[in-house]
Amino acid sequence: MAALPRLGRRGGLHRSREGGSSGVEVTDGGERGLTVDGDRLVADLERLAEFGVNEAGGIDRTSFSAADLAARQWLIARCEEAGLEVAVDGIGNIVVSSPDLEAGLADQAPVWTGSHIDAVPNGGRFDGPLGSLAAIECLRRLHEERVPLARPVRAVVYTDEEGNYAHLFGSSALTRGFSVAELSNLVGRDGDRFADTFAASGGDLDAAAEVRLAPGALHATVELHIEQGPLLERQGIQIGVVTGIVAIGGGAVRFTGQADHAGTTPMIGRRDSVVAAAEFITLLPALAPRVGPAAVVTTGIVRAEPGGSNVIAEAAEVVVDYRDPSTDNARELEALIAAVADEVASRHGSRVETHWEDIVPAAPLHSEVRDAIRASAEQLGYSSVDIASGAGHDSQNLATLAPTGMIFVPSTGGRSHSPAEHTPWPDVVRGADTLLGTVIRLAS
Ligand SMILES: [Zn+2]
């Protein structure tokens, strides 16, 4: 990538106001550069949080669920109201553009910014929506002010980032592609086949299998996200400049024993799959530190079959997630997990099958995008610090195609993937302003 030009002062209009619900000043020019409409962004975030909200205040918005489809429709309408153009690719990734801003720039690779709007079960209202709606807000501001840019800026909402069907599904489709056969085999956490759910929502597997971005298709990408950890809040720093994202792997380990009567089968000689799975799970935490100090392994799903209180389970399936800043370490951890599964299965007279998804490699983020983020925060008067991401993000896929960066804002108490997930509105707006400044630098 060519050196990024520094953002000059954008003179002219200098409108500023204070005291909206976001609590952050809005400016259209001058020292701080163009900024977002914080009140509008806050209102959008509050509206999106109504889709799939449950009684606990958490968000149930699995990809392609009714709540997700309704949220997509609302989001697309919101973009169209603003005069933006919306395209949806074969796997459901939403790409928003401003035809006015793109006039004469057809030959230029665009800058992408975006995130996701699907959620984990009982998830929070910021993980994904922040980066998605802030991206749309940035594009809206550029469009409203007719900011002259050297290349197109597009806001993107990636499909199924939370991996109900496959890790970082939508961005993986863009970067590696999926065959129809692979897509046909995907099963969601509730046991539904992706092919059925996708067809019911109007999707087409052949079109999904054609989704793929060519190398060079993008100039750069940047994603705003909540930290989902406690470090920024603890240090009292406003903006995190993400240095890189961990490698992430996962898959299902299935123990198969023998179903028998819970009352008449003696304890000796049982082939109880749940007991095998339970022993396997308790051995996992000790494996992580064997590959590296930052390695983590988690079991978030356990299924017993047939699932009767008076039946010794024939099969038990455990879904494992493992991560490390090094791709090699993640691969080593996968091998250790598989070896332990074999060993436990043989002790319990069970069969074991493992189905690993491809490891999404660790992604160091690009120094020039990081520089643009830092310069943007500095111009706005926000404090910033380098920080690593322990969570997976679509940006780690995009980083394989184009210079990519990420911006973090503080998470209250470090809480995430829960209804307790929270980021104060001023931090939300600071993140969006930093994103806008970054996008302008990348597209100038
Ligand atoms: Zn996310």
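Nothing in this text is a laboratory measurement; each read-out follows from the coordinates by a stated rule. Not measured: the values here are computed from a predicted model. Cβ coordinates were reconstructed from backbone atoms using ideal geometry, including for glycine residues, and neighbour counts include every protein chain displayed.
Here are the numbers:
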item: Tensor-based shape of the chain (alpha-carbon gyration tensor, a/c under 1.5 rounded, otherwise prolate or oblate); result: prolate
item: Share, in percent, of DSSP beta bridges within the chain that are antiparallel, nearest 5; result: 70
item: Distance from the stretch 46-77 to the stretch 124-175 (C-alpha centre basis), Å; result: 16
item: Shape call, the stretch 136-248: gyration tensor on alpha carbons, a/c limit 1.5; result: oblate
item: Approximate spin-label separation His355-Ser418, in nm, with each point projected 7 Å along Cα-to-Cβ; result: 3.0
item: Normalised per residue, the volume of the convex hull around the Cα set of the stretch 248-356 (Å³); result: 82
item: Modelled FRET efficiency - R0 25 Å, Glu368 with Ala43, Cβ distances, 0.05 increments; result: 0.15
item: For the chain, size of Cβ-based charge dipole, Lys and Arg +1, Asp and Glu -1, in debye; result: 860
item: More than 19 angstrom apart: percent of Cα pairs within the stretch 299-412; result: 63
item: Listed peptides 306-316, 242-252 by packing density, highest first (mean Cβ within 10 Å); result: 242-252, 306-316
item: Spin-label pair Thr298/Ser383, simplified geometry with 7 Å Cα→Cβ offset, distance in nm; result: 2.8
item: Protection-proxy order for peptides 406-412, 147-153, 177-183, each taking the mean of Cβ atoms within 10 Å per residue, highest first; result: 406-412, 147-153, 177-183
item: Burial ordering of Arg331, Arg47, Arg141, fewest other beta-carbon atoms within 10 Å first; result: Arg47, Arg331, Arg141
item: Local electrostatic count at Asp206 - Lys and Arg +1, Asp and Glu -1, tallied over other residues with Cβ under 14 Å; result: -3
item: In degrees, nearest ten, helix 66-81 long axis to first principal axis of the chain (Cα); result: 10
item: Förster radius 60 Å - calculated FRET efficiency between Ile268 and Ala66, Cβ distance, rounded to 0.05; result: 0.75
item: The stretch 372-418 versus the stretch 93-121: alpha-carbon centroid distance in Å; result: 19
